[in-house]
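*Asks:* Before we start, here is the structure in question, set down as structure tokens.
The values are calculated or read from the model by the stated rules, or taken from the named source; none is laboratory data. What you are looking at is a predicted structure, and each value in this text was computed from that prediction instead of being measured. As a convention, Cβ positions derive from the backbone with ideal geometry for all residues, glycine included, and neighbour counts pool all protein chains shown. For the accessible areas, the whole protein counts, side chains as well, though only heavy atoms, and no ligand, DNA or RNA atoms are used. Shrake-Rupley method; radii C 1.70, N 1.55, O 1.52, S 1.80 Å.
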Amino acid sequence: MAGFTRSRALGALVAVSFYSAALTACTADQAMILPVDPEPILITTSKGEVRLDVEVTDTQVEHARGLMFRPPLPQGRGMLFVMGEEEVQVFWMRNTPSPLDLIFAAKDGSIVSIKQGEPLSEAQIPSDKPAKFVLEVAQGEAARLGIQPGDRMRHRLIQP
């Protein structure tokens, strides 16, 4: 975690601990399936505009559960995490059986980094820069669609 200050590292540890506690409150081994948001997320790439249908998580309990225990996402689908603050976001893949691309975006929707998550791993996956949004899609989907850092996501919840 190069570039983390002690306070950010401590904050990330506290966040991971909170998420772990929140998971305990969820029903074990049960997938959380949220309704597809009526508005798709649009991503402007160098190849053109990409449209993805998304489930939106905007509570800490939903953030903690995410795509755990879920089958692989189909092409054109994702889960959008609306985080409380724009800061370095740290995710993991605990109890998530499918490989994912994690697309981190700043509060204005600009993509700051794209990381790959290893199924069932508790390894921390931090954004390279502060992010307010995290979009999880099936692994390889970002490359297939031509999504890169610097591209911009648009959705009613993303205020440029």
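*Asks:* Determine, from the Cβ-Cβ distance of GLN148 and ASP29 and an R0 of 41 Å, the FRET efficiency 1/(1 + (r/R0)^6), rounded to the nearest 0.05.
*Replies:* 0.70
*Asks:* Carbon and sulfur: what percent of the stretch 84-160's accessible surface (1.4 Å probe)?
*Replies:* Here it works out to 47 percent.
*Asks:* Give the aspartates and glutamates whose C-alpha is closer than 16 Å to that of LYS47, dropping any in the same chain fewer than 8 places away, or say none.
*Replies:* Qualifying aspartates and glutamates at Cα under 16 Å: GLU141, ASP151.
*Asks:* Still on this structure, I have one more. Packing-wise, with mean Cβ within 10 Å as the measure, how do 96-104, 81-89 rank, highest first?
*Replies:* In decreasing order of mean packing, 96-104, 81-89 become 96-104, 81-89.
*Asks:* May I have the extent of the alpha carbons of the stretch 100-156 along their three principal axes, as whole Å values ordered from largest to smallest?
*Replies:* Here the spans come out as 31, 24, 19 Å, largest first.
*Asks:* Another question, then. For the stretch 62-160, what number results from the quotient of the Cα radius of gyration and 2.2 N^0.38 Å? Present the calculation step by step, with values, prior to reporting the outcome.
*Replies:* Numbers: Rg = 12.3 Å, N = 99, 2.2 N^0.38 = 12.6 Å.
Ratio of Rg to 2.2 N^0.38 Å for the stretch 62-160: 0.98.
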